[in-house]
Amino acid sequence: MTESTPLVSVRELAKTYHVGEVEVPALLGVSLSIQAGEFVALTGPSGSGKSTFMHVLGCLDRPTAGSYHLNGRDVSRLSKRELSGVRNHEIGFVFQGFNLLPRTSALENVELPMLYGSPVSAKERRRRAAAALEAVGLGSRMDHHPNQLSGGQQQRVAIARALVNDPSLLLADEPTGNLDSRTSIEVMGIFQRLNTERQITIVLVTHEADIAEYATRVVGFRDGRVRLDQAVARRRHAGDELRRFDAEAEALSA
């Protein structure tokens, strides 16, 4: 990929689902590009197309029409096996429900993506998984199981798992949906730090306007089309927000 080539480029992307004999259009000719290193929030009401768009970006679903290029490669025409390779090596996923294996330690959960595709030695898997957990502030919780971790800590494990194969693109689907306000800010702080310090490209789906303001760009969907695409005018910074949140909590308890 050259410097001028977007990391993500979709042109006239369309997706139609069939429910019985009824056609349900979810995307209607979406075109946009995302450069490497961007932090983009996808917003819009339920049924707007934002989640379908993320599924296509994540190679979890194929478009009905149009093209999708990732790293300069048209992935919309790949075979199921090739798409599986793209998902495992080029894309990291973070979901609202964490999706951790309950009887498996944090370290072992993070190792899972390395069990597929190119073989990685057990020693290297452990090293990379430990480094990913350290990166999200869970170096002291590696041996804990999900039921021994808070919701925020579980989401940190999920982020570490998404990072462990060094993906080009990190996709987060409502990552704060199951978290309280303070923990949500902490998680958004992790995303901001990964984006700023490691230049990881992040695309995040959220229905919460305040969460979208932690990104640098907002793309708004409605009725299967992009209706808004602009830079975040007044970006929130998690460090500042946490200090403000704690000061307000301290004032209320005084």
The chain: longest stretch without exposed GluC sites (Glu not before Pro) (DSSP loop, at most 15 other Cβ within 10 Å), sites themselves excluded?
-> 22-207
Fluctuation leader among Ala209, Ala132, Ala160 - the chain, Gaussian network, Cα springs under 10 angstrom | Ala209
Taking the alpha-carbon centre of each part, the distance from segment 74-139 to segment 186-215 in Å is 20 Å
Is it possible to state the helix-based mean residue ellipticity at 222 nm for the chain, with each DSSP H run of 4+ residues giving -39500 (n - 2.57), the sum divided by total residues, to the nearest 500 deg cm²/dmol? What is it?
-> -10500 deg cm²/dmol
Once you have the Cα-Cα distance between Glu82 and Ala36, take 0.36 nm times their residue separation minus that, and quote the gain in nm to one decimal.
-> 14.4 nm
Long-range HN-HN contacts of Leu204 with modeled amide H, under 5 Å | Val40, Ala41, Leu42, Ala172
Note the direction-averaged projected area, equal to a quarter of the hull surface, for the Cα convex hull of the chain, in nm².
-> 15.6 nm²
Return the percentage of antiparallel bridges among DSSP beta bridges fully within the chain, rounded to the nearest 5 %.
-> 55 percent
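Coordinate-derived values only; no laboratory data. Keep in mind that this is a model prediction, so the values were computed, not measured. A quick note on method: Cβ atoms are made from the backbone with ideal geometry, for glycine too, and the neighbour counts reach across all protein chains shown.
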